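Colleague: Mind having a look at this structure? Questions to follow.
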Amino acid sequence: MSYKGNFKVWRGDADGGDLEDYVVEVNEGEVILDIIHRLQATQAPDLAVRWNCKAGKCGSCSAEINGMPRLMCMTRMSVFSESETITVTPLRTFPVIRDLVTDVSFNYEKAREIPSFAPPKNLGLGEYRMKQQDVERSQEFRKCIECFLCQNTCHVIRDHEENKENFAGPRYLMRIAELEMHPLDEADRERAAQEEHGLGYCNITKCCTEVCPEHIKITDNALIPMKERVVDRKYDPVVWLGNKLFRRSGSRH
Ligand code: SF4
Ligand code: SF4
Ligand code: FES
C-alpha cells in the first residue's frame, strides 16, 4: 500500500533558506529517512542530509520533524496520517551548513573541555576494582549515541546563543556525572560542573530526557544527582568547616 505524501523540507545554507514543497511516494513500513532518500533520488539530487547506519545507532540523522527533534531513521511514517503535511527542518541550535546538515562542532568542543577519567596514581592498569552497582550506574550513560538531540532541545542554548560559551549542555553534564559517580575518579567534578560547565543554568525541565532516542534518564539519573552533590558540598557543615579551617591555616602561611 503506497500513497503520495506532502512534505515541506528546509532548503538553504548559512546565508538563509526556506521550506520547499514536495510530493513524495510513501510505502508501507518506511521511515522519514526513506522519504528523504527518495526525494534525493527523484526530485532533489542536491539535497544535503547526514546519515550512516539507518538503525538508530550512529546518531547522525538528527533533524526536526514537525518541530520535534528526532532521528529521521527511527521516525516511522505510520505515526502520521496520510493527509498530513510533514515538515523536515535542520536542528535549530546549531548553524546550518546546507539543507538538513548542521555544524555540530559545538558538541565536540564541549567534549574536549572535560578532563578524562582520573584514577588514583598508585593504582596500575589491571588493579582497578569497583562494585557491580557502580558499573551499572554509568552503563546507562554509556548508551549515548551522540545524536545531540538533547543538546539541540535544551532551551538554555536553543534560545540563547550567548549561553553556549558557559554551558556544556545535557550530554556533557551527563558525562561529568558519569565520571563523578565513578568510585575511582579523583578529579573535582562537582566544582567544575558548577563553575566551568554551567550546571546551574539547568532548571531540570527534562526536555532533554524526553527526546533521547536511547531513553537515558538524563535529568533524573545524571543532572539532578549532580546538582544534589553540588548542594551537599556547599551546605554540608563538615565540608564547610573543613573548607574554613583549610583556608585559615592556609592564610597563616
Ligand atoms: S533538564 Fe536541564 S539540561 Fe535538560 S533540557 Fe532542561 S534545562 Fe536543559
Ligand atoms: S544523551 Fe541521548 S539525546 Fe543526548 S546525545 Fe546521547 S543519545 Fe542523543
Ligand atoms: S542513520 Fe544512524 S541514527 Fe539514523
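Since every read-out is calculated from the coordinates, none of them should be taken as a lab result. Source: prediction; values computed, not measured. Here Cβ is always computed from backbone atoms with ideal geometry, including for glycine, and neighbour counts include all displayed protein chains.
Colleague: Which FRET efficiency value, to the nearest 0.05, is calculated for ASP220 and VAL135 with the Förster distance at 22 angstrom and r the Cβ-Cβ distance?
Modeller: Taking R0 as 22 Å, the efficiency between ASP220 and VAL135 is 0.70.
Colleague: Okay, next question. Return the FRET efficiency for the residue pair LYS8, ALA41: r is the Cβ-Cβ distance, R0 is 30 Å, and the value is rounded to the nearest 0.05.
Modeller: E(calc), rounded to 0.05, equals 0.95.
Colleague: If you don't mind, another one. Find how much the distance from ALA55 to ARG98 grows on full extension, using 0.36 nm per residue of separation minus their present alpha carbon separation; answer in nm with one decimal.
Modeller: Here the segment from ALA55 to ARG98 would lengthen by 13.1 nm.
Colleague: When all C-alpha to C-alpha distances in the chain are sorted into bins of 5 Å, what percent of pairs does each bin hold, rounded to whole numbers?
Modeller: In order of increasing distance, the bins hold 1, 6, 12, 14, 15, 13, 11, 9, 7, 5, 4, 2, 1, 1, 0, 0, 0 percent.
Colleague: Could you state the number of Å between the C-alpha centres of the range 129-164 and the range 59-125?
Modeller: Value for the Cα centre distance between the two parts: 12 Å.
Colleague: Please go through the residue pairs LYS110/LYS143; LYS143/LYS227; LYS131/LYS164; LYS57/LYS131; LYS4/LYS57; LYS4/LYS54 and name each one whose alpha carbons sit more than 26 Å apart in this structure.
Modeller: LYS131/LYS164; LYS57/LYS131; LYS4/LYS57
Colleague: A further question on this structure: What net charge is computed for the residues neighbouring PRO183, neighbours being all others with C-beta under 13 Å from the C-beta of PRO183, Lys and Arg scored +1, Asp and Glu -1?
Modeller: -2
Colleague: Tell me the mean residue ellipticity at 222 nm calculated for the chain from its helices only (DSSP H runs of n ≥ 4, each -39500 (n - 2.57), averaged over every residue, nearest 500).
Modeller: Estimated from H runs of four or more residues: -10000 deg cm²/dmol.
Colleague: Nearest-5 percent of antiparallel DSSP beta bridges in the chain?
Modeller: Expressed as a percentage, antiparallel bridges in the chain total about 85.
Colleague: For the pair VAL23 and GLU161, how long in nm is the line joining their label points, each one 7 Å along Cα→Cβ?
Modeller: The answer from the label model is 3.9 nm.
Colleague: Which of ILE114, PRO225, HIS182 sits closest to the plus end of the dipole of the range 105-240, meaning its Cα is farthest towards the positive end, when Lys and Arg get +1 and Asp and Glu get -1 on the C-beta?
Modeller: About the Cα centre, the residue reaching furthest to the positive side is HIS182.
Colleague: Contact order normalised by length for the range 2-102, with contacts defined as Cα pairs under 8 Å and 6 or more residues apart; what percent is it?
Modeller: Normalised by residue count, the contact order of the range 2-102 is 34 percent.
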